[in-house]
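The values are calculated or read from the model by the stated rules, or taken from the named source; none is laboratory data. Just so it is clear, the model here is predicted, and its values are computed rather than measured. Quick reminder, even Gly has a Cβ in these numbers, built from the backbone with ideal geometry, and neighbours come from all protein chains shown.
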Amino acid sequence: MIATVSANRSDTMRMFSGSRSIPVFVIKIFCTCFLFVLSVTLLPAAGSAASPEMIRITRERNRVESTLKDLKKQLSEYQSKLNSTKKNERRSLAELNNIRKQIKVYERLIVENQSLLNNLDNQIEQLQSQLQENRKTYQHVSSDFRQVVIAAYKHGGDRDAELMLSSGSVNSAIVRARYLGFLSGAVR
């Protein structure tokens, strides 16, 4: 069969070549050109039929590319906003840590001040207690002094020794002696 096909081909070549011998490659080039011309003439007919589909696909592609551009633009904007937000977050966290440190310092100052206030309150209470005791002592001494002055005025100078000896304690006698000394110095 293969031998028959080869024989038929060579006969066909001779048949086209006729009395003149045309090389086979020229025939091949001619056939190729003929097929090219045929495809070019038929392609617009097929292209015109496929043209609305191609236009639709082209439009769809353009729309998809436009959407892709918009999405890339939005992505870029979101990325920029995200970076800005992250930067603000870091700044806010730093400020928050600073505020926490300040709060700790203030809490420590409050504790120290509260301790100082408690100490001052205790000192004030002690001083008020001492003041009350001093007022009582002052009232007692002024009452004693008043009695001595009245007695010295009424009875004269003879009663000095009697006043000294009538005191309840040595300390009281010394205090009365001082008062009598002040009085006698003031009278002269």
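Do we find that residue 171 is in a helix (DSSP H, G or I), among the polar types (S, T, N, Q), exposed (fewer than 10 other Cβ atoms within 10 Å of the Cβ) and at pLDDT below 95 in this structure?
yes
Residue 106: among the aromatic types (Phe, Trp, Tyr), assigned to a helix (DSSP H, G or I) and under 30 Å from residue 182 (Cα atoms), yes or no?
Answer is no for this residue.
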